[in-house]
1. Can you give me the number of residues within region 104-124 that are small (Gly, Ala, Ser) and under 20 Å from Ala196 (Cα atoms)?
2. Can you spot a residue in region 322-329 that is in a strand (DSSP E or B), at pLDDT 95 or above, over 19 Å from Asp87 (Cβ atoms) and open to solvent by 20 Å² or more (accessible area, probe 1.4 Å)?
3. Considering each of Glu286, Glu279, Glu308, Glu349 in turn, give the residue that is open to solvent by 30 Å² or more (accessible area, probe 1.4 Å), within 25 Å of Arg96 (Cβ to Cβ) and in contact (Cβ under 8 Å) with a residue 12 or more places away in the chain.
4. List every residue pair whose Cβ atoms sit under 8 Å apart, with the two residues 6 or more apart in sequence or on different chains, where the first one lies in region 174-200 and is more than 18 Å from Ala140 (Cβ to Cβ) and the second, anywhere, is in a loop (DSSP other than H, G, I, E, B) and open to solvent by 50 Å² or more (accessible area, probe 1.4 Å).
5. Restrict the check to region 156-168 and report whether at least one residue is in contact with a Pro (Cβ under 7 Å, 6 or more places away or on another chain) and either within 27 Å of Val206 (Cα to Cα) or modelled with pLDDT of 95 or more (or both).
6. Of everything in region 254-276, what is buried (at least 24 other Cβ atoms within 10 Å of the Cβ), over 23 Å from Tyr56 (Cα atoms) and of a type outside the set (Gly, Ala, Ser)? Give them in sequence order.
7. Out of all the residues in region 214-235, which are at pLDDT below 95 and in a strand (DSSP E or B)?
8. Give the residues of region 34-76 that are at pLDDT 90 or above and hydroxyl-bearing (Ser, Thr, Tyr), sorted by residue number.
Amino acid sequence: MPARDSQEATRRRSVGRLRAALATAAVAASTAVAPATPAAATPRPHDDTPASDRAYVANTTARTLSFLDTDDRTVTHTVAVPSGAADVGVSRRMHRAYVTGGSGSHTVSVVDTDRARVVGTIRVGDRPEGIAVSRDGRRAYVANADSGTLSVIDTAHDRVMRTVRVGSFPRGVAVSPDGKRVYVANLLSGSVSVIAAAPGRVVATVSLGAGTAAYDVALSPDGTLAYVSTGNGTEYVSVLDARAATFLDAVPVEAGAESLAVSPDGASVYVTSGFGSEEVSVIDTEVGTVARSFRVPGGAEGLALGYEGQQMYVATGIGSHSTVYVDTETDRVMGTTTVGSGPMSVAVESEPEPVESRAGTGRRVHWKTGQKQAAAH
């Protein structure tokens, strides 16, 4: 069985590479020194930047949150987050950004996005990493990696409502568009936990295969598909039927698969390579393959879409200091803005609304069915 043994060895190396990358980020975060005077201590002017023109970057090494005016491509505020800055989610409804502390932390920092200051901390589980905020802004979901749990935060009162046990080392989180389900990518379990939001319990667990490391998860605009970046030999993006909680397919992504974003029409899935690489791969959901890729100078870690999906913001990662702007229609780099050290995650305050896929078709793109539907006519 030499072929199978070789594949299994490659899978182990892939998981090891993921662990090493996370360890590197943890060391950088734990050794960083927060500024002596937190930004929260200094009154700041009202931020008049429209929500649709604003993004937030979590700088892991610097332990800061950068406010970006994405129209002018400038940093308008920098807020110190002494408890750590691993990931960021935004509640436009509450005018809050929630920043997870990452390695060595057990808190989420609450940042007032109107006044650009830390206004509180919420105690969650050990090593809070990924975070997602529901579309209505009422709930924030935090993956506690070392606790193997998901914390559910009521954003109206900034308190933990409940804690749900999931898999080993939960890392990525996504919420369905209707807010009824939450999906958690468990890195060391190689699985996705599916949680019913209302009762707050796990209703299904989808295994992605032995030796698989599930890093991030993102949903199609209609909530029918879940995409999961996985490391199992050559990198993959696994595709799940989100409602039935079943595995559908796996798309090889040779450049590497880390953070994910889905276009508002569901036609494209953007995949950053991570691990110091500069590639972003683009999966065409009609045919189920990587259609193209482009390079982001400095690195490709966290990403987010803005301006109805026409712009992409890419955080360049540990060892870097920038966020790169990309035109998604041409895959052209539009510019770069210097932020804090070690930018790992980016979020927008106003998410793109779902739109009809493929101008003139009047149909939504579903996994590998676009061509078949067209041929039937």
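The values are calculated or read from the model by the stated rules, or taken from the named source; none is laboratory data. Note that the structure is a prediction, hence the values are computed from the model and not measured. Cβ: placed from backbone, ideal geometry, glycine included. Neighbour counts: every protein chain shown. Remember, those area values only see protein heavy atoms, side chains included, never the ligands or the DNA or RNA. Shrake-Rupley method; radii C 1.70, N 1.55, O 1.52, S 1.80 Å.
1. 0
2. Within region 322-329, one or more residues are in a strand (DSSP E or B), at pLDDT 95 or above, over 19 Å from Asp87 (Cβ atoms) and open to solvent by 20 Å² or more (accessible area, probe 1.4 Å).
3. Unique residue meeting the criteria: Glu308.
4. Asn186/Ser168; Leu187/Ser168; Leu188/Ser168; Ser189/Ser168; Gly190/Ala210
5. no
6. Once the filter is applied, which keeps residues that are buried (at least 24 other Cβ atoms within 10 Å of the Cβ), over 23 Å from Tyr56 (Cα atoms) and of a type outside the set (Gly, Ala, Ser), region 254-276 yields nothing.
7. The answer is Thr230, Gly231, Asn232, Thr234, Glu235.
8. Tyr56, Thr60, Thr61, Thr64, Ser66, Thr70, Thr74, Thr76
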